[in-house]
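Engineer: Just dropping this structure here.
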Amino acid sequence: MKTRMFASTGVFALAFVVAGLALSGCNNETPPADNAGSAGANSAGTAGTAGAGTPNIDKTSAGNASSGGTNSAGSAGTAGAGAPNIDKTGASAPPPAGKTFTIGMSQCNLGEPWRVQMNTDIDEAAKKHPEIKMIFKDAGNKSETQQSQMQEFIQQKVDLIIISPKESRPLTRPVGDAMDAGIPVIVLDRAIEGDKYTCFIGGDNKKIGMEAGKYMAKILNGKGDIIELQGLGTSTPAKDRHDGFMEGIKGTDIKIIFAADCKWLEPDAQKEMNSALSRFPKIDAVYGHNDPSAHGAYKAAEQEGKGREKTIKFIGIDALPTEGVKYVKDGILTATFQYPTGGPEAIETALKILNKQPFEKKIVLGTKRFTKDNVDKGGDPL
């Protein structure tokens, strides 16, 4: 009898000990952290370290995770304890069940067909992912309006911002403000000052300008008087396209006899070309920083009524299928150089950022040259 009572008492004691341990474990459980580390500094495949202004990418996940290194080719940082598994294949992982992302897009202006196409490309890419909700804003070609739009997105607490800045300096601080608020920012097409952003996507404007200059030297046999119709002077693409072009014609006898800031707009380019035509009886070619500028120059020459549109060679940049490429097919432009919108790449990268997958800090898009000899074949990659 005593043996049975002792055994029974031991069982009850053991039960109390187990229950106490379970209760203690519940009371001492550490709550999940909600901060995600940003891109690391310079190493490929080295763990990134969260620093000041680091975007808080996903505020619902448990554990801390570092994303891809700044200069790495999509290398993953080292995940902290309790961090979600990172897909190293580069493919966009599906979001958690019921998870949606709101992405704000601030476009500097919709007066350029190329920018309209950029918005279209972003929208079409986003529609392939039902978890994405897009909010588009048009700054109407005003930096002040775009600054306000950035603050609106911050106040709305969107999950990510895509911005194509009108100008570099005025938009640098608003991008930084979004980063400080924990919102990742993809800068598209035009760079800002410094590197306080999550990702930059754009073409190599200096290379495109240089290729345009080299082609100009070729078709003019190294000599001639030309007009340069520039983009917005305070934007980085305009500066790069000019600097690259000057490198391309270096060592030749090609002279720029007239240059004007046309702000990327066709009406402005047509007006400036009218002025050039009235001043210079000999014009061999026109270099437009975009296709609307080159097309505006052609229209001015055509309307002059002297037939000079048939002797002047016109080169532009953008190569939209319904614009620059079509102008080449129609014999209006001698050549156009492709400048991709980056829309599909922006959405692809946004999903990687939001799903904590590795991504590249800077993505440079390629280009093609379209002439009458290759336009039907899709142009020549450069």
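Each value in this text was obtained by applying a stated rule to the coordinates, not by laboratory testing. All of these numbers come straight from a predicted model, not from anything done at the bench. So basically every Cβ, Gly included, is an ideal-geometry build from the backbone, and we count neighbours across all protein chains shown.
Engineer: Cα centroid distance between the range 227-262 and the range 164-187, in Å?
Structural biologist: Taking the Cα centre of the range 164-187 as reference, the centre of the range 227-262 is 28 Å away.
Engineer: Could you size up the charge dipole of the range 145-301 around its Cα centre, putting +1 on the beta carbon of Lys and Arg and -1 on that of Asp and Glu, and report it in debye to the nearest 20?
Structural biologist: I would put it at about 420 debye.
Engineer: According to the square roots a ≥ b ≥ c of the eigenvalues of the Cα gyration tensor, what is the shape class of the range 232-332, taking rounded for a/c under 1.5, prolate for a/b larger than b/c otherwise, and oblate for the remainder?
Structural biologist: Since a/c stays below 1.5, the shape of the range 232-332 is classed as rounded.
Engineer: Sticking with this one: Within the set of other residues whose C-beta is less than 14 Å from the C-beta of residue 339, count the net charge using Lys and Arg as +1 and Asp and Glu as -1.
Structural biologist: -3
Engineer: Amide H neighbours of residue 233 under 5 Å, at least 5 residues apart or on other chains, H built in the peptide plane: list them.
Structural biologist: Amide H neighbours of residue 233: 263.
Engineer: So what's the Cα pair-distance distribution over the range 272-382, bin width 10 Å, in %?
Structural biologist: Calculated P(r), rounded to whole percents: 14, 36, 24, 16, 8, 3, 0.
Engineer: Between residue 380 and residue 155, what's the calculated FRET efficiency when r is the beta-carbon distance and R0 is 51 Å? Round to 0.05.
Structural biologist: 0.60
Engineer: Given Cβ point charges of +1 (Lys, Arg) and -1 (Asp, Glu) and nothing else, what value in debye, to the nearest 20, does the dipole of the range 269-382 about its Cα centre take?
Structural biologist: The calculation lands at about 180 debye.
Engineer: Net charge near residue 105: determine it from the other residues with C-beta under 15 Å of the C-beta of residue 105, scoring Lys and Arg +1 and Asp and Glu -1.
Structural biologist: My count for the surroundings of residue 105 gives -3.
Engineer: Follow-up question, since we're still on this one. Give me the net charge for the shell around residue 194: Cβ to Cβ below 12 angstrom, other residues only, Lys and Arg +1, Asp and Glu -1.
Structural biologist: Every neighbour counted, the sum reads +1.
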